[in-house]
Amino acid sequence: MGRPLNAYDRALLELQNQILRMGDYVAGQVDKALAALKAQDSNLARQVIQGDDVTDNLDYDIEMAALDLISLQQPTNEDLRTLATVMRVGKELERIGDYAVNIAEAAERLTRLGPYFKPLVDIPRMSDLARAMLRQSLQALVDRDLEAAREIVRADDAVDRLFEDLYDELVGFMKRGPEYVDQASYLALVARYLERIADHAVNVAEMVVYRETGQRRAFKDYQGPQKTVLPGLGNKRANTGNFEG
């Protein structure tokens, strides 16, 4: 029988539960943004955009609670790594929430451009993979499962390949004529945002490894596919105030 939990242990456990609740909320934001995109539903897209404050507030509350524990309890070793992990994962989830908003902003604009020139196939595939990676990385955090965390970086390769193929296809449509340019440009941005969501899921998985081993950049030597950089995007963080950011 384990020892009774003291107030500090309970506070740590509650912080980890807060991260899981934030993860569920952010995953729901991504789900709704993709549903808005597929259905060309501007009202649903607007709900995602308006819900971003909830994500920001969750991240703030987690960060402040973790900092309070650090300052009051002065944790060391594993507890300190746990608190650092919780704070970093909160930031990763907040950024994923930003990308959900960017996808919703794209969906809102795409509703004004009429029916899609081709059925959406690869974007839903990318979103399924990216969302699965997010959920698996959070589950690895709960289970403290190193092998599951390491699988996430390999799963990212499939998202990268889909992104490369879809980006090439959309550029091909843009070359056919100006009637394709607006839709194809927005869809290329959505694909980029999904690729970045997958990258942040990898970052969460990397923090799982850090928490258990103390190894901070567990995946830095992993050689995956080279990433395509969209003109004007680079590797900037999502900007909820500007769709093009």
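About the Cα centre of the chain, what is the dipole size in debye to 20, counting +1 per Lys and Arg Cβ and -1 per Asp and Glu Cβ, all else neutral? Mind showing how you got there, number by number?
Values: 31 positive and 40 negative charges, 57 e Å.
It comes to approximately 280 debye.
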What helices in the chain pass both tests, a Cα length along the helix axis of 27 Å or more and a mean Kyte hydropathy of -0.5 or higher, using whole DSSP H runs? 7-39, 52-73, 77-110, 122-143, 146-176, 181-213
If all Cα-Cα distances of the stretch 57-106 are sorted into 5 Å bins from 0 onward, what percent lands in each bin, rounded to whole numbers? 5, 21, 23, 17, 14, 8, 6, 4, 2
Rolling a 1.4 angstrom probe over the protein chains, ignoring ligands and nucleic acids, what is the accessible area of TYR186 in square angstrom, nearest 10? 50 Å²
Given a 10 angstrom Cα cut-off, can you work out which residue in ARG216, ARG131, ARG109 is the most mobile in a GNM of the chain? ARG216
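Could you order peptides 143-156, 90-103 by the average number of other Cβ atoms within 10 Å of their residues, highest first? Working shown, then result.
Values: 143-156: 16.9, 90-103: 25.1.
Descending mean neighbour count gives 90-103, 143-156.
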Using a Gaussian network model of the chain with C-alpha springs under 10 Å, which one of ALA106, ALA84, ALA201 is most mobile by mean-square fluctuation? ALA84
The chain: most fluctuating residue of VAL181, VAL204, VAL121 per GNM, C-alpha cutoff 10 Å: VAL121
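Can you pull a Stokes-Einstein diffusion coefficient for the stretch 157-207 at 37 °C (0.692 mPa s), Rh from Kirkwood over Cα pairs, as a whole number of µm²/s?
It comes out at roughly 280 µm²/s.
Once every DSSP H run of n ≥ 4 in the chain is given -39500 (n - 2.57) and the sum is divided by its residues, what mean residue ellipticity at 222 nm do you get, rounded to the nearest 500 deg cm²/dmol?
Numbers: 7 runs with 184 residues, N = 245.
One gets -27000 deg cm²/dmol as the mean residue ellipticity at 222 nm.
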Consider the candidate values (1) 19.2, 70; (2) 17.4, 54; (3) 18.0, 64; state which one is Rg and Dmax of the Cα atoms in Å computed from the structure displayed. (1)
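What share of Cα pairs, in percent, lie more than 21 angstrom apart in the stretch 24-151? Intermediate values should be presented prior to the final figure.
Values: 4033 of 8128 pairs.
Tail of P(r) above 21 Å: 50 percent of Cα pairs.
Considering only lysines 8 or more places apart in sequence, or on different chains, count the pairs in the chain whose C-alpha atoms sit under 18 Å apart. Provide the component values of the computation, followed by the final result.
Numbers: LYS38/LYS118; LYS91/LYS236; LYS118/LYS175; LYS227/LYS236.
Within the chain, the lysine pair count is 4.
The values are calculated or read from the model by the stated rules, or taken from the named source; none is laboratory data. Bear in mind the structure is a predicted one, so any value in this text is a computation, not a measurement. Ideal geometry is used to build each Cβ from the backbone, glycine not excepted, and the neighbour counts take in all protein chains shown. Protein only, heavy atoms only, side chains kept; ligands, DNA and RNA dropped before computing areas. Shrake-Rupley method; radii C 1.70, N 1.55, O 1.52, S 1.80 Å.
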